[in-house]
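K.L.:
Can you read through this structure? Questions will come right after.
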């Protein structure tokens, strides 16, 4: 009992404050609603999952070591590591579930990132143990009983978790450099810029008009299925026209579909009469090149002018398809 009291005293106020701060940061960071709706905002948020859980893991192990020290790498120490990692992994999964109640979306990717952070924290902690213990735990020829492999493993786990968010952010940055090209559909990552409502998208090499790939959109037979480009450079002033290449799949069983191209600015009050809408009738297998002057886009809303300096979304949809309709889209761009 006296030994336990001694161990408890070894937990400094600084450790308590650090632990509470880390726990509060995790809960706040995972539950506070994100004010931005775009893939890049989600990717930036995803970058914090792994280091956040890695930091919490290190704080927990540090506190436990001070509160109740155990012989390094003994059976009890290994059981403790397994319990801590399992508990924090379960906590990460639980927080993802709770996110759905707080206006955030729960994803398997985020749960995995939380788990990778916990494992990265464990690997860093083990490496620190070997550094502190030195030769007392090192066996001749056992390369893994040293600091570098474990800290390298920790960094590898962090890199794995960051790989997909980094691709999304890199695509966002490259999109800014490629403006006035809005979308050319050359990489899978580029599809992350779009939101798909009652439709699905893949890349295809058929019907390509620019580069090596186009987007193949399959619209479900429901009212107004749509795909919306969320990441749009907002200032279109100085541009003359909006262009896009379209073709309805040759195998479409009907005579034609009514396709609509929309441009939506920051000031819209609805997604119908207060936007620019350009209808196109597509026949199976017949390519259509759409070119719309921005003077016409500006006059799209019924009761005002569309603000070309504050563009928010570009959307494409099919009006009331009675059967699934597949449309290939390529070279969505502005012309100076």
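K.L.:
Outside any helix (DSSP H, G or I) and within 20 Å of residue 202 (Cα to Cα): does that describe residue 300?
P.N.:
On the way: outside any helix (DSSP H, G or I): yes; within 20 Å of residue 202 (Cα to Cα): no.
Criteria not met by residue 300.
K.L.:
If I filter the stretch 192-219 down to residues being buried (at least 16 other Cβ atoms within 10 Å of the Cβ) and not in a strand (DSSP E or B), which single residue comes out as nearest to the chain's Cα centre (by Cα)?
P.N.:
Ranking the qualifying residues of the stretch 192-219, first place goes to 192.
K.L.:
Also: Quick test for you: out of 44, 16, pick the one residue that is in the same structural domain as residue 123 (by TED's automatic domain parsing), in a helix (DSSP H, G or I) and either modelled with pLDDT of 75 or more or out of contact with any helix residue (DSSP H, G or I) (no Cβ under 9 Å at 6 or more places or on another chain) (or both).
P.N.:
Within the list 44, 16, the selection yields 44.
K.L.:
Could you list, in sequence order, all residues of the stretch 69-89 that are in contact with a helix residue (DSSP H, G or I) (Cβ under 9 Å, 6 or more places away or on another chain) and part of a loop (DSSP other than H, G, I, E, B)?
P.N.:
Correct list: 69, 70, 71, 72, 73.
K.L.:
A further question on this structure: Just to be sure before I move on: is residue 232 touching a helix residue (DSSP H, G or I) at 6+ places or on another chain (Cβ under 9 Å), within 26 Å of residue 165 (Cα to Cα) and in contact (Cβ under 8 Å) with a residue 40 or more places away in the chain in the structure I sent?
P.N.:
When the stated conditions are applied, residue 232 passes them.
K.L.:
Got a sec? Which of 177, 185 is in a helix (DSSP H, G or I) and either closer than 20 Å to residue 45 by Cβ or at pLDDT below 95 (or both)?
P.N.:
177
K.L.:
Just to be sure, is residue 282 touching a residue at least 60 places away in the same chain (Cβ under 8 Å) and under 22 Å from residue 196 (Cα atoms)?
P.N.:
So residue 282 fails the test.
The values are calculated or read from the model by the stated rules, or taken from the named source; none is laboratory data. Fair warning: this is a prediction, and the values are worked out from it, not measured in the lab. Counting neighbours? That spans all protein chains shown, and the Cβs are built from the backbone with ideal geometry, glycine included.
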